[in-house]
Structure formats: structure tokens, C-alpha cells
Amino acid sequence: MDFLFVAIICLANFSYAQPKTIKVCKEYCEFSSIQKAVDNAKAGDSIFIKKGVYKESNIFINKKSLYIFGEKGSVVDANHKGYGFKIEATDF
């Protein structure tokens, strides 16, 4: 009985530690802003940017290891207001 309880607790903890993929799109996604997705992501998560033009500048990633990739046709338009992405990291 004790073994079963420990096994369930271990599995529950393991499922919470799994990295996830966060989708960004203009409609019908959890996030429509890349910065908000970055802010809500945990280290090791992936951010998938769906096709579209995202008018965002200085998307700041602060000491967080993330995988960011986009669908063909995804564009970050900083509109001459800084950089597309700004990354602060150690051991980069």
C-alpha cells in the first residue's frame, strides 16, 4: 500500500515537471503576444509562434532557457522601436 502511494506521488510530480509547448497566434490560442508567452513560460518550455505578423519589440527573455520557433510566415516586426528579441543570460 505504501509503495503504491509513493509511486502515485512520484508520477504526479513527474507530470508537473515536464516542459510544455506554448502556442502564440492571433486568435484562438492561449497567448496572442510573444512577450506574454515568454513571461508565462518556465525554463525548458517551447514557444511555437504561428503564422502572422507580431508587432512587438524588445521581447525580453531574462535568464530563462527556452526553445522558440515559428511556423513559416511568422514575423516579428519591431517597427524600428528597438530589437525583436533581447536576451539576458549567463553561460550562453
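At-a-glance table
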{"quantity": "Selection from segment 68-81 of residues that are among the charged types (D, E, K, R) and open to solvent by 80 Å² or more (accessible area, probe 1.4 Å)", "calculated": "Lys72, Lys81"}
{"quantity": "Pairs where the first residue, in segment 52-67, is open to solvent by less than 70 Å² (accessible area, probe 1.4 Å) and the second is hydroxyl-bearing (Ser, Thr, Tyr), C-beta under 6 Å, 6+ apart", "calculated": "Asn58/Tyr83"}
{"quantity": "Residue, nearest to Val75 (Cα to Cα), within segment 50-65, restricted to residues that are hydroxyl-bearing (Ser, Thr, Tyr) and either within 9 Å of the chain's Cα centre (by Cα) or not in a strand (DSSP E or B) (or both)", "calculated": "Ser57"}
{"quantity": "Where a residue in segment 16-37 is small (Gly, Ala, Ser) and its partner, wherever it lies, is at pLDDT below 95, with Cβ under 7 Å and at least six apart", "calculated": "Ser32/Lys26"}
{"quantity": "Selected residue [aromatic (Phe, Trp, Tyr) and farther than 14 Å from Lys20 by Cα] from Phe48, Phe85", "calculated": "Phe85"}
{"quantity": "Filter result (open to solvent by 80 Å² or more (accessible area, probe 1.4 Å) and either part of a loop (DSSP other than H, G, I, E, B) or modelled with pLDDT of 95 or more (or both)) within segment 82-92", "calculated": "Tyr83, Thr90, Asp91, Phe92"}
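Residue-wise test of (1) assigned to a helix (DSSP H, G or I); (2) open to solvent by 100 Å² or more (accessible area, probe 1.4 Å); (3) at pLDDT below 90; (4) of a type in the set (D, E, K, R).
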{"residue": "Val6", "(1), (2), (3), (4)": "yes, no, yes, no"}
{"residue": "Leu11", "(1), (2), (3), (4)": "yes, yes, yes, no"}
{"residue": "Ser15", "(1), (2), (3), (4)": "yes, no, yes, no"}
{"residue": "Ile22", "(1), (2), (3), (4)": "no, no, no, no"}
{"residue": "Tyr28", "(1), (2), (3), (4)": "no, yes, no, no"}
{"residue": "Asp39", "(1), (2), (3), (4)": "yes, no, no, yes"}
{"residue": "Ala43", "(1), (2), (3), (4)": "no, no, no, no"}
{"residue": "Phe48", "(1), (2), (3), (4)": "no, no, no, no"}
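The values are calculated or read from the model by the stated rules, or taken from the named source; none is laboratory data. What you see is a predicted model; the values in this text were computed from it and never measured. Cβ coordinates were reconstructed from backbone atoms using ideal geometry, including for glycine residues, and neighbour counts include every protein chain displayed. These area figures cover heavy atoms from the full protein model, side chains too; ligands, DNA and RNA do not enter into them. Shrake-Rupley method; radii C 1.70, N 1.55, O 1.52, S 1.80 Å.
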